[in-house]
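Reviewing the structure listed below.
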Amino acid sequence: MHAMNTRLKYIGALVIVALLGVAAYQAYWLEQLHFTIGEQMDNDIQEAMRAADLKEVFLRLKSIEDKGPHGTMDVRAGIDEDGSITTNAVTTTQVTVNGEKLEQKTGVVLRSSPRADSDSIADDNAFMEMLEEQISVTELASMIQKGLHLGVDRFEGTRYEKYDSLLTVSLQQLGLSGEHQLLCIKTDTVFRHTTPGYIPSKVARHYEYDWDNYGRYELTIEPTTGWVLREMMGILIASALIILLLGIAFYFLIKTILRQRTLDEMKSDFTNNITHELKTPIAVAYAANDALLNFDQQADEGKRRHYLTLCRQQLERLSGMVEQILSMSMERRRQFKLNLESVCLAELLQPVIEQQQLKADKPVNITTRIEPENLTVEADRAHLSNMLNNLIDNAIKYSQDEAVIVIQATPSSISVSDHGMGIAADKLPHIYDKFYRVPTGDVHDVKGYGLGLFYVKTMVDKHGWSIDVESTKGKGTTFTIKLT
């Protein structure tokens, strides 16, 4: 028993460790996923700022084209020997001086930071290597866009309001509310736009996009944590369900193991108890039979009858125990069927009562109240007899000095009441469990092996009936079989 308890402790500890391990791994995985989605959102916001700038530039370019020719614009990008990307934006405009039309060219050069591995740029394949790197290609596209922005600025200034509206749409497409504060900072100009009613909090996030060396956009929005959590809601719910299901599965596993251990203990108690119960009538019958063999039967007829009666009582007791065990074995068979017939209850009860009074070791007073007197019940005669036999036997065993029992029967129910020691309320839910015996405290002479009420409940269910119990500790118990 000690070894089993130790194993159960180890199993419980392993289960808890396993659950904590699964929960910790899930938490780590979800944290990494949260970080990845948050990082992706930051990149998407930066991309939304760049895309809104590109759309705003093309809108201005389209407007300039619709107004007629104003000049030309040439934007070129290349790679220097140190690996940096250089963009040249040259605009040519027409001006009139003293009535003569002249062309005026303005050029701006944008240059990115040198690459760390600039030594490889001298190779003929340097450009191809750069194209294979997605970051370099993105940087090249960004530099071309900035050059385009500078070129268009020579013809028409940035439309900050339009950029703000384009950015708002892009943020909404990302699933964000669109509430933000935007600063458009140029050398001598600062444009500020804030969504009505929006006040940045202390934890607000800031994003920047430089459209050239002379100007940038600064975007302020609230943290995207709520949006990320909403995006992860399905995964969070699934993870929580997995943890919950694992917890429930482990709970029922431990509960089953504990129940199995309890069942093993009850089976062990049953084996010890039934061995003692079987040995007692055998020993008594053997002693009585031995006395008869060595006693002059003609000399004392009274003693002879006494010994024969004693043998009969013990054999009946032994037969009853064997019959009950065999009945439980039959109940487990799939082909087990009831032999239903009309049974006169008064006729059935008479031998049962006589048998119980005969074998009882205390005064037994049994009163029957059957209405009507010729009441019949559709039941299996043998099993109904065994059920009543068990209920009456329990009523006698759990009565102390004298057993006072009342049996009442109507077309709808059969009840067996006693005035014995009663059953505690917390024990009532278990009385029909196999091998279960109600603890009797200081009373040690109550014999049994925990099959009687289990058998009664099983046979009641087989008949399609139900059974109720009412009990008060120290006052008695009433079992009622409901026939309808």
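The values are calculated or read from the model by the stated rules, or taken from the named source; none is laboratory data. Small disclaimer: the values here were computed from a predicted structure and weren't measured. When we count neighbours, we look across all protein chains shown, and the Cβ atoms used for this are built from the backbone with ideal geometry, even at glycine. Accessible surface areas use protein heavy atoms only, side chains included; no ligands, DNA or RNA. Shrake-Rupley method; radii C 1.70, N 1.55, O 1.52, S 1.80 Å.
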Sites LYS475 and SER412, calculated FRET efficiency, Cβ-Cβ separation with R0 25 Å, nearest 0.05: 0.50
Charge tally in the Cβ shell below 14 Å around THR195, where Lys, Arg are +1 and Asp, Glu are -1, THR195 excluded: -3
Amide proton proximity set for SER466, modelled H, under 5 Å, gap of 5+: LYS482
Label-to-label distance, nm, for residues given as THR225 and LYS362 (7 Å Cα→Cβ offset): 7.1
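Quickly rank 193-204, 250-261 as a protection proxy: mean count of other C-beta atoms within 10 Å, highest first.
Top to bottom by mean Cβ count within 10 Å: 250-261, 193-204.
Of the cross-linked pairs LYS55/LYS146; LYS434/LYS462; LYS9/LYS434; LYS303/LYS397, which ones have a Cα-Cα span greater than 18 Å in the structure shown?
LYS9/LYS434; LYS303/LYS397
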Stretchable slack from ARG369 to ALA51, in nm (0.36 nm times residue separation minus alpha-carbon distance): 105.0 nm
Added length on full extension, which subtracts the Cα-Cα distance from 0.36 nm per residue, GLU402 to TYR25: 129.1 nm
Spin-label model distance (nm) - THR376 vs ILE237, 7 Å beyond Cα toward Cβ: 6.2
Part-to-part distance (alpha-carbon centres) for region 30-48 and region 196-235, which is given in Å: 12
Rounded Å value of the spacing that divides the Cα centres of region 358-372 and region 461-484: 18
Accessible-area ranking of TRP465, TRP29, largest first, probe 1.4 Å: TRP29, TRP465
Distance histogram for region 168-211 (every C-alpha pair counted, 5 angstrom bins, percent rounded to whole numbers): 5, 17, 24, 29, 16, 7, 1
Percent accessible area from carbon and sulfur atoms, region 339-484, protein chains only, probe 1.4 Å: 47
³J(HN,Hα) computed for each position of region 398-411 - Karplus, 6.51 cos²θ - 1.76 cosθ + 1.60, integer Hz, glycine/proline x: 9, 9, 8, 6, 9, 8, 10, 10, 10, 10, 10, 9, 9, x
Distance (nanometres) between label positions extended 7 Å along Cα→Cβ at HIS206 and ASP42: 1.5
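What's the extension gain from TYR10 to LEU61 if we count 0.36 nm per residue and subtract their Cα-Cα distance?
10.8 nm
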